[in-house]
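Right, one structure below, let's go through it.
The values are calculated or read from the model by the stated rules, or taken from the named source; none is laboratory data. Keep in mind the model is a prediction, meaning the values are calculated, not measured. We place every Cβ from the backbone using ideal geometry, glycine too, and count neighbours over all the protein chains shown.
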Amino acid sequence: MTHPFTGGCACGAVRYAISDEPIFANHCQCRDCQHVSGTAHGSYMTFPSRAAVTLEGQARQWDIAADSGNTKTHAFCGTCGAPVYLTFKAMPDLFTIHAASLDDPARFQPQAITYAVRAHDWDPLDPALPRFETMPTG
């Protein structure tokens with residue numbers, strides 16, 4: 001890796017730096033991601049090790065049950081409200097960022113579309129990307 005992935009919230013109160021490479025980058029069309037993003041999908045990068053993540057600032061968090069039934073924790077800035085990252089109780093080592101929170105959003109290179117079963121016609125995504133009705137398991 002040439003340099004860490006850095007980013008944070010809109011006002012800068014919550015920041016991260018990640019010294020790993022992502023293991024997955026996706027657009028998710030589940031209803032939860034629609035609600036959090038305020039549009040028809042969320043875009044994410046998932047990293048393999050929370051130990052490779054440096055966080056600054058205090059994010060507020062709330063838990064939900066994901067479509068899988070597992071607990072997903074959303075972290076957002078308590079000042080500006082911008083979503084920054086997610087963690088998963090069933091996979092505690094993973095760390096997932098909102099792609100729009102990157103200092104350099106061009107570093108986001110989506111590999112797939114997940115929860116395509118929840119897609120809306122008014123939000124077409126790249127037809128060349130593999131689409132999964134839910135979350136791929138392998």
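Among the residues of region 23-34, is there at least one that is polar (S, T, N, Q), crowded, with 16+ Cβ neighbours inside 10 Å and outside any strand (DSSP E or B)?
Scanning region 23-34, I find at least one residue that is polar (S, T, N, Q), crowded, with 16+ Cβ neighbours inside 10 Å and outside any strand (DSSP E or B), so the answer is yes.
Filter region 98-138 down to residues that are in a helix (DSSP H, G or I) and closer than 21 Å to I23 by Cβ, then give me how many there are.
Just the residues of region 98-138 that are in a helix (DSSP H, G or I), to begin with: 99-101, 105-107, 116-118.
If we keep only those that are closer than 21 Å to I23 by Cβ as well, we get 99-101, 105-107, 116.
Summing the residues that are in a helix (DSSP H, G or I) and closer than 21 Å to I23 by Cβ in region 98-138 gives 7.
Say we look at region 1-55 and pick out the residues that are aromatic (F, W, Y) and closer than 19 Å to P110 by Cα; which of these is nearest to the chain's Cα centre (by Cα)? Talk me through it step by step, then tell me what you get.
Looking only at region 1-55, we keep the residues that are aromatic (F, W, Y), and these are 5, 16, 24, 44, 47.
Add one more test, that the residue is closer than 19 Å to P110 by Cα, and what stays is 5, 24, 44, 47.
Values: F5: 13, F24: 10, Y44: 3, F47: 10 Å.
Top of the filtered list is Y44.
Kindly list the number of the only condition in (1) out of contact with any Cys (no Cβ under 9 Å at 6 or more places or on another chain); (2) buried (at least 18 other Cβ atoms within 10 Å of the Cβ); (3) not polar (S, T, N, Q) that fails for P4.
Condition not satisfied by P4: (2).
Mind counting the residues in region 38-71 that are touching a residue at least 60 places away in the same chain (Cβ under 8 Å) and hydroxyl-bearing (S, T, Y)?
Qualifying residue count for the region: 3.
Please determine whether any residue of region 64-74 is farther than 30 Å from A128 by Cβ and at pLDDT 95 or above.
Within region 64-74, one or more residues are farther than 30 Å from A128 by Cβ and at pLDDT 95 or above.
Considering only region 72-97, how many residues are in a strand (DSSP E or B) and free of Cβ contacts under 8 Å to residues at least 40 places away in the same chain?
4
Which pairs do you get when a residue that is within 25 Å of A82 (Cβ to Cβ), found in region 103-132, comes within reach of a residue that is assigned to a loop (DSSP other than H, G, I, E, B) and small (G, A, S), reach meaning Cβ atoms under 6 angstrom, with the pair 6+ apart or on two chains?
Sorted first by the residue in region 103-132, then by its partner, the pairs are H120/A40; D123/A40.
Looking at region 51-63, can you tell me whether even one residue there is closer than 17 Å to T134 by Cα and assigned to a strand (DSSP E or B)?
No.
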